[in-house]
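Only one structure is covered here, and it is reproduced in the block below.
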Amino acid sequence: MAATATCQECGAKVRGDRNRCPRCRASIAGPDPARPAVASRRPARAAAVVVGLFALTIAGLWLTSEPAATPRATGPAPGPLAARGSAARVPAPADVAPTVADRPFLDPAGSGSLAYASGDYNNSLAHYLEAVRKNPDDAESLSNLGQVLVRLSRTAESIAYFERAVAILPGRWAYHFNLARALGLLNRHEEAVAGYRRAQELFPDDYVTTFNLAMTLHRKGDEVAAVEQYRKAIVLQPEDASFRKALGISLEQLQKASEAAAAYGEYLRLSPSAPDAENVRARIAQLQAGSAGETPAQAPGSLLD
């Protein structure tokens, strides 16, 4: 059946192959070949609009909901004696950390956390500075900002931020720990000991705090107090070999050769293949000989060299 057209003048139906209307003789315009295509695209466009609105709705819910938890730099950074067996916690970056560019909806604190986790400390610093500028009483961002500064070897600048975090939330263990550690890095041992003791009061069962306190006391020269804290740390974490070695060093300083040898023996029992195992065995032999009346040939504490 031939297609029909409608006369625009009189409204009569006209065969599609006629050029003039048989009733009023007006000219008939030919059919627009684009019209069928346009008509056929309308359902597709409508479907696309529906799909687009659905996608925008889901995206809106995702963006306005709480983002997935990202690793905040709230835990203590590596202790000042990490190379010598310190047990201070280290924030562990993700194997493949997302970049800040992947999460443009994050606030400055969240962006700072992502940059920190990926090792981009300069970018993390910029984000935390912005977070603190927007909210000067954000204790978490203040503490994290201090952590980043320590990572960037700008430890002296970190103290003020840690102190502000502690002043805002004095009951938060991590803030006292981070402040104490930064003070220790600056060789401000008296203040560091006080900070670790406050942290220990808040978290008495944390072996990391106890061990770092002991190491700081050792650095300060208070070996009696250091031994006391080492023994506490060993009770809290009996499987850490480095605690026994550190204890042995302080016992040597106190001229307790047999006890030091026993502590070193425990170190070897827990870590028989340690890189310094042969040196420690030799030191045990010297201490045992010294306790039998001979003078040890090695100066106390040199096992840490």
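Coordinate-derived values only; no laboratory data. Everything numeric here is computed off the predicted structure, so don't read it as measured data. Here Cβ is always computed from backbone atoms with ideal geometry, including for glycine, and neighbour counts include all displayed protein chains.
Table for the structure above
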quantity: Residues of region 258-273 with amide N under 18 Å of the 7 Å Cα→Cβ point at ARG281; calculated: 261-273
quantity: Cut-off 18 Å (backbone N to label point 7 Å along Cα→Cβ of LEU186), residues of region 195-213; calculated: 195-199
quantity: Exposure proxy ranking, count of Cβ atoms within 10 Å, fewest first, for PHE203, PHE243; calculated: PHE203, PHE243
quantity: Neighbour-count order for LEU125, LEU142, LEU251, fewest beta carbons within 10 angstrom listed first; calculated: LEU125, LEU251, LEU142
quantity: FRET E, pair LEU152, GLU201, Förster distance 25 Å, beta-carbon r, rounded to 0.05; calculated: 0.25
